[in-house]
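Undergrad: Let me give you the structure first, and then I'll get to my questions.
Any read-out appearing in this document is the output of simple, stated calculations on the displayed coordinates, not a laboratory observation. Since the structure is predicted, the reported quantities are computational estimates derived from the model, not experimental observations. Neighbour counts are summed over all protein chains in view; Cβ atoms, including those assigned to glycine, are modelled from backbone coordinates with ideal geometry.
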Amino acid sequence: MKPQFDKISTWSQDNEVNGFYVYTNETLDKASNFHARNFNPLSGKDEDIATGIAAAALALSFSKKHNMGTYIIEQGHFLQRLCTIYVDVSNNSIRVGGNVVVSI
């Protein structure tokens with residue numbers, strides 16, 4: 001995937017959103033459920049290394065058609081900062097946690 005950030009920025013402004021979150025079930029680690037990227041150029045960064053709230057929305061959406069439980073989402077690989085986000089979906093809560101690489 002080769003994102004065109006100028007077009008993402010224009011589309012995001014036109015649709016009054018910050019950007020978009022893309023995902024696939026083709027993962028680097030076979031233990032992961034999804035590989036995701038978050039393009040968010042209006043925030044000042046073209047791409048986020050880890051995006052917990054988007055990962056939570058993805059897991060919740062997927063769990064409605066499948067099963068509740070823990071979903072593993074990998075993100076940041078194309079920024080050389082592979083992160084693992086764990087999202088646990090139960091009847092009454094969504095918990096998000098994981099492993100990230102600090103990049104200050």
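Undergrad: Restricting to segment 4-32, and then to whatever is within 15 Å of the chain's Cα centre (by Cα) and of a type outside the set (S, T, N, Q), can you tell me which residue is surrounded by the fewest Cβ atoms within 10 Å (Cβ to Cβ)?
TA: GLU26
Undergrad: Among the residues in segment 51-70, are any assigned to a strand (DSSP E or B), touching a residue at least 40 places away in the same chain (Cβ under 8 Å) and under 23 Å from ILE8 (Cα atoms)?
TA: no
Undergrad: Provide a single number: the residues in segment 71-80 that are within 21 Å of PRO3 (Cα to Cα), free of Cβ contacts under 8 Å to residues at least 40 places away in the same chain, of a type outside the set (Gly, Ala, Ser) and buried (at least 16 other Cβ atoms within 10 Å of the Cβ).
TA: Of the residues in segment 71-80, 1 are within 21 Å of PRO3 (Cα to Cα), free of Cβ contacts under 8 Å to residues at least 40 places away in the same chain, of a type outside the set (Gly, Ala, Ser) and buried (at least 16 other Cβ atoms within 10 Å of the Cβ).
Undergrad: When the residues of segment 47-65 are narrowed to those that are of a type in the set (D, E, K, R) and surrounded by fewer than 16 Cβ atoms within 10 Å (Cβ to Cβ), which ends up farthest from TYR86 (Cα to Cα)?
TA: Among residues in segment 47-65 that are of a type in the set (D, E, K, R) and surrounded by fewer than 16 Cβ atoms within 10 Å (Cβ to Cβ), the one farthest from TYR86 (Cα to Cα) is LYS65.
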